[in-house]
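Working notes for the structure below.
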Amino acid sequence: AGELGGVLEVVLNRLAEYQEKAQKLKNKIVSAMVYPVIVMFIAVAIVFFLLLFIVPKFKKIFEEMLGADEPLPLITRIVTGASGWLIERPFVLPNGLLLILGGFAIAFAFKAFASTVKGRLIVDRMKLNMPVFGDIQRKSAISRFSRTLGTLVTSGVPILQALNITRDTSGNVIVGSAVAAVHESVKEGETITKPLEDSNIFPP
């Protein structure tokens, strides 16, 4: 931006300010994520506690009430089966090995899928639509877009070139597509606001 606009000194000062704001934003995002992560951890811990200690007791009560001849309902059998699986060597071979290998396989498959064009599109859309985290992702992408575009335009970079650079640095394919629509709109002599409004990503 400094080379294109001929204002390298101004841009370097602005870049320093930009990075400070980006770091503050990152700290805010981490702080915002702490609470939901703690809640999720507690929820998982409670589920494990129930499966390991409470469900086995209820299983015996249900079996005594219904008798050996009458089977338990399907959902009850699934829950009691999961409980039994955890009680029987939860992290010992072969169950533990299967659990670890399954986790690695899922993570690898997800990463491979997210690296494709279609996969990246789906993953980025999911990121924006997630509860709690989606709003944080959206605000982070919009903040990055606004600051980058502001830095480039005020440094004298032509608006179309600035939009191209901003599109590539948005960090989200969905947001990048919205910026690409803005580029086409400006290229045809129209406004920036209409395509941003039509994207349903940027707030009023």
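The values are calculated or read from the model by the stated rules, or taken from the named source; none is laboratory data. This one's a predicted model, so the numbers in the text were calculated from it and none came from an experiment. Here the Cβ is made from the backbone with ideal geometry for all residues, glycine too, and neighbour counts use every protein chain on show. Just so you know, the surface numbers come from the protein's heavy atoms only, side chains and all, with ligands and any DNA or RNA stripped out. Shrake-Rupley method; radii C 1.70, N 1.55, O 1.52, S 1.80 Å.
Summary of computed values
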quantity: Pairs with Cβ under 8 Å, 6+ apart, first in the stretch 31-56 and farther than 20 Å from Leu72 by Cβ and open to solvent by less than 70 Å² (accessible area, probe 1.4 Å), second of a type in the set (A, V, I, L, M) and assigned to a helix (DSSP H, G or I); calculated: Ala32/Ile136; Met33/Ile136
quantity: Enumeration of residues in the stretch 168-191 that are at pLDDT 85 or above, closer than 26 Å to Lys118 by Cα and of a type outside the set (A, V, I, L, M); calculated: Gly176, Ser177, His183, Glu184, Ser185
quantity: Filter result (open to solvent by 80 Å² or more (accessible area, probe 1.4 Å) and either among the β-branched types (Val, Ile, Thr) or in contact (Cβ under 8 Å) with a residue 24 or more places away in the chain (or both)) within the stretch 6-29; calculated: Lys21
quantity: All positions within the stretch 48-77 that are β-branched (Val, Ile, Thr) and either within 41 Å of the chain's Cα centre (by Cα) or assigned to a loop (DSSP other than H, G, I, E, B) (or both); calculated: Ile54, Val55, Ile75, Thr76
quantity: Subset of the stretch 59-71 [surrounded by 13 or more Cβ atoms within 10 Å (Cβ to Cβ) and free of Cβ contacts under 8 Å to residues at least 12 places away in the same chain]; calculated: Glu63, Leu66
quantity: The stretch 114-123, residues that are open to solvent by 90 Å² or more (accessible area, probe 1.4 Å) and not hydrophobic (A, V, I, L, M, F, W, C); calculated: Ser115, Lys118, Arg120
quantity: Enumeration of residues in the stretch 108-139 that are among the hydrophobic types (A, V, I, L, M, F, W, C) and in contact (Cβ under 8 Å) with a residue 60 or more places away in the chain; calculated: Leu128, Val132, Phe133, Ile136
quantity: Among the residues listed as Pro158, Pro195, Pro131, the single one being surrounded by fewer than 17 Cβ atoms within 10 Å (Cβ to Cβ) and either in contact with a helix residue (DSSP H, G or I) (Cβ under 8 Å, 6 or more places away or on another chain) or modelled with pLDDT of 85 or more (or both); calculated: Pro158
quantity: Residue in the stretch 164-183 that is without any contact (Cβ under 8 Å) to a residue 12 or more places away in the chain, more than 20 Å from Leu121 (Cα to Cα), in contact with a helix residue (DSSP H, G or I) (Cβ under 9 Å, 6 or more places away or on another chain) and open to solvent by less than 60 Å² (accessible area, probe 1.4 Å) present; calculated: no
quantity: Condition check for Gly171: in a loop (DSSP other than H, G, I, E, B), more than 20 Å from Leu25 (Cβ to Cβ) and not hydrophobic (A, V, I, L, M, F, W, C); calculated: no
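This table checks each residue for (1) modelled with pLDDT of 85 or more; (2) surrounded by 13 or more Cβ atoms within 10 Å (Cβ to Cβ); (3) in contact with a helix residue (DSSP H, G or I) (Cβ under 9 Å, 6 or more places away or on another chain).
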residue	(1), (2), (3)
Leu74	no, no, no
Ile78	yes, no, no
Gly84	no, yes, yes
Glu88	no, no, yes
Phe91	no, no, yes
Leu101	no, no, no
Ala109	yes, no, no
Ala112	yes, no, yes
Arg125	no, yes, yes
